1. Of these, 129, 178, which one is under 28 Å from residue 52 (Cβ atoms) and part of a helix (DSSP H, G or I)?
2. Considering only residues that are over 23 Å from the mean Cα position of the chain (by Cα) and under 18 Å from residue 101 (Cα atoms), which ones fall in the range 18-41?
3. Return the residue satisfying two criteria in turn: it lies in the range 42-59 and is of a type in the set (A, V, I, L, M, F, W, C) and assigned to a loop (DSSP other than H, G, I, E, B), and of such residues it is nearest to the chain's Cα centre (by Cα).
4. Give the number of residues within the range 168-212 that are under 16 Å from the mean Cα position of the chain (by Cα), at pLDDT 90 or above and polar (S, T, N, Q).
5. Keeping to the range 98-126, report how many residues are surrounded by fewer than 19 Cβ atoms within 10 Å (Cβ to Cβ) and part of a helix (DSSP H, G or I).
6. Name the single residue that is farthest from residue 76 (Cα to Cα) among those in the range 220-262 being of a type in the set (Val, Ile, Thr) and modelled with pLDDT of 75 or more.
Amino acid sequence: MRSAQTLTKPIYPIVGVAGRPLDLQPPSLLFQPHGYSDPLNKAGSGFHELFTMWPPVKQEIVQVLIHLGQYSRVVQHYSPVACSPDVLDLLGDCRNVVHHRLLSLPNEDDPTESYLQYTEQNDTENELSREIYLTCRLTAVLYALHVTFPLPRNQQMRLRNLDALESQIARLCALNASGPVVLWCAAVAISMFGDDDPPEALVAYMAHLIAYMEVDTLHTLIKMLQTFAWVDAAVQDTWKRMWTTRFFSSQRPSSAQSATRL
C-alpha cells in the first residue's frame, strides 16, 4: 500500500493471507475457470512492440506490462456483473500481484542494462529504447493507480506525477518517437487530466501520432489502446467526444501542424 501511495518500489515480497509467497498464473489464464476468455489473446499484446525495438526491453519486464493489460481486460469483463466471493478474492489477489510486480520494475535510477538487452549498441539507439521504456513504465504505473488500483491521493502528488509523465513524453517527441506504444502513453496521459484541459502540445503530439499511423476513427483508436492496458469504463464519455472532435473531424489540424514539440 505504501509503495502504491508513494510510487516507490516495494520493500517486501508479495504474500497471501497465510503468509506464503503469492505466485499466480497470468490473468488471462487465472480467470478462465470463472467464465473469462480472451480467445484472440489480444489483451496486453501491444506491449510486444517493446520486444521489436533495438535494443529491446527484456522479456521478463515486458511480461509484467502484458499482465497489466490482461488484468485490465479481466476488470472490464467483470465490471458490469455481480461477482461471486471466489472471483472477488481472486481479483484482489491478482490485483496485488500484478501491481507489486509493476511497482518493482526498474526505473530511471537503475542501470540501463537492468531493463534493456544488448546495451553495447550506439548511444542513439540506447537513448530511444531507454526513453520509450521509461515513459511506458511511468505511464503504466500512473494508469494502474488511477484505473486498476485506484487510491486516494492529494492534488499535489497527482500534478507532480502528471508533470513527470508529460516531461517523459516530451523527450519522446524530441526524439521523433512514434508507434502504438507511444500513442498509448499519450492517450493515457491525456485521459488523466480529468476535468482539466490537457496541454495543447500533448494533444498535438497525440494528433500527430494518430495521423502518422493512419488511425482514422475513434473505434480503431480504442481497439488499439485495448491491446495495451485499457478499461473503457474509466474514460469519460466527454473525453471520447473530445477525441472525436480533435482527432477525427474534418477540422482537425494537419499532421504537420500536429507535430508541434512539447
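1. Of the residues listed, the single one that is under 28 Å from residue 52 (Cβ atoms) and part of a helix (DSSP H, G or I) is 129.
2. 19, 20, 21, 22
3. The selected residue is 43.
4. The total comes to 2.
5. Adding up the residues that qualify gives 8.
6. 245
The values are calculated or read from the model by the stated rules, or taken from the named source; none is laboratory data. Please read these numbers as outputs of a predicted model, since none were measured by experiment. Using ideal geometry, Cβ is built from the backbone for each residue, glycine included, and neighbour counts are taken over all protein chains shown.
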